[in-house]
Amino acid sequence: MARRPSPFLNWLAAVLLLPVLGSCQGAAVSAPVRSVPVVGGLEHPWAVAWLPGGDLLITERPGRLRLVRGGVLQAEPIRGVPEVLAAGQGGLLDVAVHPDFAANRWIYLTYAAGSAEANHTRLARARFDGRALSELQVLYAVPQRKSGSQHFGSRLLWLPDRTLLLAIGDGGNPPIELEGQLIRTQAQNPLSALGKVLRLQADGTPARGNPFAGQPGALPGLWSLGHRNIQGMALDPRTGRVWASEHGARDGDELNRVEAGVNYGWPRVTHSREYFGPPIAPATSAPGLRDPVLVWTPAIAPSGLAVYDGDRYAGWRGDLFAGGLVSRQVHRLRLNPDGTVTPKEEISIGARVRDVRQGPDGYLYVLTDGAGDGQLLRLEPRGAP
């Protein structure tokens with residue numbers, strides 16, 4: 001059973017996270033695709049992942065892991081899911097399938113754990129036999145405990161070398177503090193996991209070759225720092241580049257190319273403003289800090305990211321697709337050889353987009369957020385049978 005904080009804390013989190021509504025950069029166009037419902041009736045779904053053979057796993061933030069078998073959402077949730085803190089942005093979050101799942105049966109979950117006064121992000125794995133989870137192991141728990149129900153990060157990404165990237169949020173907006181300072185400043189503390197991307201081995205231990213390994217003033221698993229709240233992460237299989245989309249505060253959402261050892265600046269530099277108006281930082285760029293590849297202002301509230309590598313859509317191979325919670329669109333971006341991106345079009349979904357993934361059938365799939373009416377949609381070319 002998930003633990004829930006007081007209604008007042010939920011209300012306060014909602015007020016602090018209220019975005020400034022407005023149209024996104026560029027006008028929405030009529031994309032050459034249609035959205036086809038696959039399953040519906042989901043409660044705040046957060047992530048989708050495929051198993052060998054075509055079955056799907058979908059997380060629901062209140063703490064349920066759902067199975068889609070033969071295109072049908074199974075009525076009973078999968079048993080054995082760990083207890084989560086289902087509050088605000090917290091709950092059961094990402095799911096990833098081990099690259100060797102057929103041999104070891106491991107799936108990986110991220111989730112918020114603890115209480116309203118002391119909580120953190122956890123990474124766990126368990127074996128899945130097609131019906132239930134077993135042998136649950138907590139592989140990593142953010143050492144810093146925080147209050148509130150914001151900024152857990154939690155996106156997972158397997159790299160070709162079988163190491164796992166884990167994105168962790170900065171802990172929340174003002175007035176949340178840690179050790180006498182606004183908690184968001186932890187993103188610049190290399191000894192804190194908050195506001196970071198970690199690179200781990202499959203058992204949760206720090207991966208070999210991490211850029212800060214052996215340095216006494218840094219976490220051994222640290223891969224990159226200076227992030228606010230990454231909720232989309234994808235690998236370009238052609239180039240090996242890792243792309244991440246992360247929430248700004250009021251405006252200033254970012255698309256970043258995440259590289260080992262790089263500091264992305266939050267909150268020392270940012271295009272974001274406080275929710276009550278003024279700029280958060282005195283500058284948007286500074287020496288030694290990496291600028292974003294793309295800034296979304298007004299905000300799209302990015303969540304879910306995929307590099308398309310199939311042949312179902314003419315001219316889309318190699319493009320990046322970013323979901324938007326506020327924009328209610330999927331944003332198609334051309335990845336240029338020099339590492340820049342060119343916005344191409346906005347695909348209207350008409351609902352909050354929580355995740356974007358490419359399925360094994362070569363189609364793009366979109367997970368929409370909703371309180372009981374969340375859906376998994378398949379994008380199909382118009383005119384397709």
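The values are calculated or read from the model by the stated rules, or taken from the named source; none is laboratory data. These figures come from a predicted structure and were not determined experimentally. Every residue, glycine among them, receives a Cβ derived from its backbone with ideal geometry; neighbour counts consider all protein chains shown. Accessible surface is based on the protein model in full, side chains and every heavy atom, while ligands, DNA and RNA are left aside. Shrake-Rupley method; radii C 1.70, N 1.55, O 1.52, S 1.80 Å.
Would you check if there is a residue in the range 39-49 being farther than 21 Å from Arg328 by Cβ and either among the aliphatic types (A, V, I, L, M) or open to solvent by 30 Å² or more (accessible area, probe 1.4 Å) (or both)? Working first, answer last.
Narrowing the range 39-49 to residues farther than 21 Å from Arg328 by Cβ: 49.
With the extra rule that they be either among the aliphatic types (A, V, I, L, M) or open to solvent by 30 Å² or more (accessible area, probe 1.4 Å) (or both), the set shrinks to 49.
Checked the range 39-49: at least one residue is farther than 21 Å from Arg328 by Cβ and either among the aliphatic types (A, V, I, L, M) or open to solvent by 30 Å² or more (accessible area, probe 1.4 Å) (or both).
Among residues belonging to the range 247-273 that are free of Cβ contacts under 8 Å to residues at least 60 places away in the same chain and in a strand (DSSP E or B), point out the one that is most open to solvent (accessible area, probe 1.4 Å).
Filtering first and then ranking leaves Arg273.
If you take the residues of the range 330-354 that are open to solvent by less than 30 Å² (accessible area, probe 1.4 Å) and among the acidic types (Asp, Glu), which of them is nearest to the chain's Cα centre (by Cα)?
Glu346
Determine, yes or no, whether Pro360 is open to solvent by 40 Å² or more (accessible area, probe 1.4 Å) and under 15 Å from Ala306 (Cα atoms). Give the steps one after another, and end with the answer.
Working: open to solvent by 40 Å² or more (accessible area, probe 1.4 Å): yes; under 15 Å from Ala306 (Cα atoms): yes.
Yes, satisfied.
Which of the residues belonging to the range 50-99 are open to solvent by 50 Å² or more (accessible area, probe 1.4 Å), closer than 13 Å to Phe128 by Cα and not in a strand (DSSP E or B)?
Within the range 50-99, just Pro52 meets the criteria.
So Thr185 passes all but one of these: (1) among the hydroxyl-bearing types (Ser, Thr, Tyr); (2) assigned to a loop (DSSP other than H, G, I, E, B); (3) open to solvent by 30 Å² or more (accessible area, probe 1.4 Å). Which condition number does it fail?
Condition not satisfied by Thr185: (2).
Of all residues in the range 287-320, count the ones that are free of Cβ contacts under 8 Å to residues at least 60 places away in the same chain, over 16 Å from His331 (Cα atoms), of a type outside the set (D, E, K, R) and open to solvent by 20 Å² or more (accessible area, probe 1.4 Å).
Of the residues in that region, 3 qualify.
Condition test on Arg199, is it modelled with pLDDT of 95 or more, in a loop (DSSP other than H, G, I, E, B) and of a type in the set (Lys, Arg)?
Working: modelled with pLDDT of 95 or more: yes; in a loop (DSSP other than H, G, I, E, B): no; of a type in the set (Lys, Arg): yes.
No, not satisfied.
Pick from Gly310, Gly304, Gly318, Gly288: which is outside any loop (DSSP other than H, G, I, E, B), in contact with a strand residue (DSSP E or B) (Cβ under 9 Å, 6 or more places away or on another chain) and modelled with pLDDT of 95 or more? Even if it seems obvious, please write down each step before you answer.
Numbers: Gly310 fails: outside any loop (DSSP other than H, G, I, E, B); Gly318 fails: outside any loop (DSSP other than H, G, I, E, B); Gly288 fails: outside any loop (DSSP other than H, G, I, E, B).
Result: Gly304 is the single residue among Gly310, Gly304, Gly318, Gly288 that is outside any loop (DSSP other than H, G, I, E, B), in contact with a strand residue (DSSP E or B) (Cβ under 9 Å, 6 or more places away or on another chain) and modelled with pLDDT of 95 or more.
How many residues are touching a Lys or Arg at 6+ places or on another chain (Cβ under 7 Å), open to solvent by 30 Å² or more (accessible area, probe 1.4 Å) and in a strand (DSSP E or B) when one looks only at the range 125-139?
Counting residues in the range 125-139 that are touching a Lys or Arg at 6+ places or on another chain (Cβ under 7 Å), open to solvent by 30 Å² or more (accessible area, probe 1.4 Å) and in a strand (DSSP E or B) gives 5.
For the range 214-246, what are the residues that are open to solvent by 20 Å² or more (accessible area, probe 1.4 Å) and either part of a strand (DSSP E or B) or farther than 28 Å from Ser327 by Cα (or both)? Spell out how you get there, then give the answer.
In the first step, residues of the range 214-246 are kept if they are open to solvent by 20 Å² or more (accessible area, probe 1.4 Å); the result is 214-217, 219-220, 223, 235, 237-241.
Within the range 214-246, Gly214, Gln215, Pro216, Gly217, Leu219, Pro220, Trp223, Leu235, Arg238, Thr239, Gly240 meet the criteria.
Is it true that some residue in the range 163-173 is open to solvent by 30 Å² or more (accessible area, probe 1.4 Å), outside any helix (DSSP H, G or I) and touching a residue at least 12 places away in the same chain (Cβ under 8 Å)? Quick ask: steps written out before the conclusion?
From the range 163-173, those open to solvent by 30 Å² or more (accessible area, probe 1.4 Å) are none; that's our starting set.
No - not one qualifying residue is present in the range 163-173.
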